[in-house]
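Visitor: Here you go, one structure.
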Amino acid sequence: MLDLDDHHDVLCELIDGILVEKTVGFYESQLAMFVGYYLLQFLNSAPLGAVLGSDGPVRLFAGQVRMPDVCFIRRERMPRFNRGERRPGVLPIAPDLAIEVISRSNTQQEMDRKLKEYFDAGVRIVWYIDPQARNATVFTSVDDRQVVDENGTLTGGDVLPGFELSVAELFARADEQADMLQGGSES
């Protein structure tokens, strides 16, 4: 039996019963963290559910455990655990919103498969954030997509009513932090 908790400090997804290392770049990780930050800020005033980061595994179905870069699960769908009860290492449900930040290592075939799995498992919205194109693609099904450019706004639809995130602001925050950490912007 495979144990996702025994992955030797490497993020892995379970794909067709095989552990596959998940690689994320520096900038892509920053983008994911800022998406999570904005979601958590929103949820402070509208406690609709929970946000998980890239190390929060969710079971889509038998043999398939994915780790979206960020995901959101509505409160009414969250499993209930008693305080002090040992919680499973893998959340046994698919998220309502799955967010993937496209890395250079991601292939089109991989992302197409992931998208199909998400919707087959009951995910309602998927966002693919593309740092190279500086846009996001919002999927409400495998075939229904809308590209939101840097001048647009991501919304939570009926999964996260009232949530809005400026794509320009998202990239600006990540750029600012990346420049600062890399010593790129001088005053």
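The values are calculated or read from the model by the stated rules, or taken from the named source; none is laboratory data. Note that the coordinates shown come from a computational prediction; the quantities given were computed from them, not determined experimentally. Don't worry about glycine lacking a Cβ; one is built from the backbone with ideal geometry, like all the others, and counts go over all protein chains shown. Just so you know, the surface numbers come from the protein's heavy atoms only, side chains and all, with ligands and any DNA or RNA stripped out. Shrake-Rupley method; radii C 1.70, N 1.55, O 1.52, S 1.80 Å.
Visitor: Among the residues of the stretch 170-177, is there at least one that is in a loop (DSSP other than H, G, I, E, B), open to solvent by less than 20 Å² (accessible area, probe 1.4 Å) and within 21 Å of Glu28 (Cβ to Cβ)?
Guide: no
Visitor: Still on this structure, please answer the following. Taking the conditions exactly as written (modelled with pLDDT of 85 or more, basic (Lys, Arg) and buried (at least 16 other Cβ atoms within 10 Å of the Cβ)), does Arg75 satisfy them or not?
Guide: So Arg75 does not fit the description; no.
Visitor: Quick test of your reading of the structure: Glu117 fulfils all but one of (1) within 17 Å of the chain's Cα centre (by Cα); (2) more than 24 Å from Arg66 (Cα to Cα); (3) charged (D, E, K, R). Name the failing condition by number.
Guide: Evaluating Glu117 over (1) within 17 Å of the chain's Cα centre (by Cα); (2) more than 24 Å from Arg66 (Cα to Cα); (3) charged (D, E, K, R) leaves (2) as the failure.
Visitor: From the list Leu60, Leu31, Leu91, Leu43, which one is without any contact (Cβ under 8 Å) to a residue 40 or more places away in the chain and in contact with a strand residue (DSSP E or B) (Cβ under 6 Å, 6 or more places away or on another chain)? Outline the logic, then answer.
Guide: Values: Leu60 fails: without any contact (Cβ under 8 Å) to a residue 40 or more places away in the chain; Leu31 fails: without any contact (Cβ under 8 Å) to a residue 40 or more places away in the chain; Leu43 fails: in contact with a strand residue (DSSP E or B) (Cβ under 6 Å, 6 or more places away or on another chain).
Going through Leu60, Leu31, Leu91, Leu43 in turn, the sole match is Leu91.
Visitor: Determine the pairs where a residue that is more than 14 Å from Ile99 (Cα to Cα) and surrounded by fewer than 16 Cβ atoms within 10 Å (Cβ to Cβ), located within the stretch 136-155, has a partner that is of a type in the set (S, T, N, Q) and at pLDDT below 95 with Cβ atoms under 7 Å apart, the partner being 6 or more residues away or on another chain.
Guide: none
Visitor: May I ask you to list the residues in the stretch 69-116 that are part of a loop (DSSP other than H, G, I, E, B), more than 11 Å from Val51 (Cα to Cα) and touching a helix residue (DSSP H, G or I) at 6+ places or on another chain (Cβ under 8 Å)?
Guide: If the condition is that a residue be part of a loop (DSSP other than H, G, I, E, B), more than 11 Å from Val51 (Cα to Cα) and touching a helix residue (DSSP H, G or I) at 6+ places or on another chain (Cβ under 8 Å), then Ile93, Ala94, Ile102, Ser103 are the ones that fit.
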